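The next block holds one structure in the form of structure tokens; read it before the comments.
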Amino acid sequence: DVKVTQSSRYLVKRTGEKVFLECVQDMDHENMFWYRQDPGLGLRLIYFSYDVKMKEKGDIPEGYSVSREKKERFSLILESASTNQTSMYLCASRFDRDRRVEAFFGQGTRLTVV
Amino acid sequence: QKEVEQNSGPLSVPEGAIASLNCTYSDRGSQSFFWYRQYSGKSPELIMFIYSNGDKEDGRFTAQLNKASQYVSLLIRDSQPSDSATYLCAVNGEVYSGGGADGLTFGKGTHLIIQP
């Protein structure tokens with residue numbers, strides 16, 4: 001019954017490393033999203049995509065990039081990891097049209113940058 | 001910058017009572033509104049969405065929307081201990097002409113505790 005799968009549950013990376021977080025959905029949703037969740041700050045939108053090869057910046061895109069080469073896969077890239085990017089990263093996909101909604105989050109990736 | 005405000009709680013409600021969770025939003029152009037439930041250590045789970053002013057009921061849950069007041073609420077009837085969680089209000093903005101959707105802006109959540 002898995003709908004949105006993130007490649008790793010836990011990751012530990014070193015400062016300056018390039019980090020790839022992968023997300024795959026099996027519902028044929030057009031829209032996919034990357035959020036980070038931090039205590040006291042809540043969920044914040046990093047990037048989203050509404051179609052293959054399309055991407056839009058969210059509220060906190062600095063230090064991140066994304067890739068959507070296939071409809072089912074949306075990757076988040078930390079170009080040069082820094083300690084302030086230590087966080088829980090959540091991928092989501094959503095269908096939202098004609099007042100019908102399907103929306104799911106992945107299980108999350110807890111990233112620690114040391 | 002769109003803002004979504006929620007009281008962080010904790011909101012403590014006796015079992016069997018009605019839990020009332022509130023949310024206000026700043027973007028008057030917001031078109032759709034969502035309630036997510038998040039258990040500790042888990043990902044958020046969509047439980048309700050609403051587009052039109054008024055009430056929408058689904059089982060023990062009722063979402064209420066008042067666009068004029070920029071206010072959305074979630075009522076949980078016959079509260080159960082399993083309802084204890086953090087409830088996140090989320091708001092969507094414009095819908096792109098291509099059929100895509102804006103990313104949701106989330107509130108920081110209200111921590112609800114149902115006392116047995």
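Here are a few things to note about the model shown:
- All of (1) surrounded by 18 or more Cβ atoms within 10 Å (Cβ to Cβ); (2) touching a residue at least 40 places away in the same chain (Cβ under 8 Å) hold for B:MET48 with one exception: (2).
- Residue satisfying condition, being modelled with pLDDT under 95 and not basic (Lys, Arg), within set B:GLU57, B:GLU3, B:GLU15: B:GLU3
- Among the residues of segment B:99-116, just one is at pLDDT 90 or above, farther than 15 Å from B:PRO44 by Cα and part of a loop (DSSP other than H, G, I, E, B), namely B:PRO116.
- Scanning segment A:70-101 for residues that are modelled with pLDDT of 95 or more, part of a strand (DSSP E or B) and out of contact with any strand residue (DSSP E or B) (no Cβ under 8 Å at 6 or more places or on another chain) yields a count of 1.
- Residues being within 14 Å of another protein chain (Cβ to nearest Cβ) and under 26 Å from A:ARG97 (Cα atoms) - total across segment A:7-36: 12
- A single entry from B:GLN38, B:GLN64 fulfils the requirement of being within 10 Å of the chain's Cα centre (by Cα), at pLDDT 95 or above and surrounded by 13 or more Cβ atoms within 10 Å (Cβ to Cβ): B:GLN64.
- Count of segment A:22-58 residues which are part of a strand (DSSP E or B) and more than 19 Å from B:LEU104 (Cβ to Cβ): 1
- Taking segment B:43-69 as the range and being out of contact with any Gly (no Cβ under 8 Å at 6 or more places or on another chain), in a loop (DSSP other than H, G, I, E, B) and not aromatic (Phe, Trp, Tyr) as the test, the residues that pass are B:PRO44, B:SER52, B:ASN53, B:GLY59, B:ARG60, B:LYS67, B:ALA68, B:SER69.
- For segment B:72-98, the candidate set comprises residues that are touching a strand residue (DSSP E or B) at 6+ places or on another chain (Cβ under 7 Å) and modelled with pLDDT under 95; within that set, the residue that is farthest from the other protein chains (Cβ to nearest Cβ) is B:VAL91.
Listed here are the residues, each with its yes/no results for (1) β-branched (Val, Ile, Thr); (2) over 29 Å from B:ILE50 (Cα atoms); (3) surrounded by fewer than 17 Cβ atoms within 10 Å (Cβ to Cβ); (4) in contact with a helix residue (DSSP H, G or I) (Cβ under 6 Å, 6 or more places away or on another chain).
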{"residue": "A:ARG9", "(1), (2), (3), (4)": "no, yes, yes, no"}
{"residue": "A:PHE20", "(1), (2), (3), (4)": "no, yes, yes, no"}
{"residue": "A:MET54", "(1), (2), (3), (4)": "no, no, yes, no"}
{"residue": "A:PRO61", "(1), (2), (3), (4)": "no, no, yes, no"}
{"residue": "A:ASN84", "(1), (2), (3), (4)": "no, yes, yes, no"}
{"residue": "A:ALA92", "(1), (2), (3), (4)": "no, no, no, no"}
{"residue": "A:ASP96", "(1), (2), (3), (4)": "no, no, no, no"}
{"residue": "A:VAL101", "(1), (2), (3), (4)": "yes, no, no, no"}
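The values are calculated or read from the model by the stated rules, or taken from the named source; none is laboratory data. Computed from a predicted model, the values in this text were never measured in an experiment. So basically every Cβ, Gly included, is an ideal-geometry build from the backbone, and we count neighbours across all protein chains shown.
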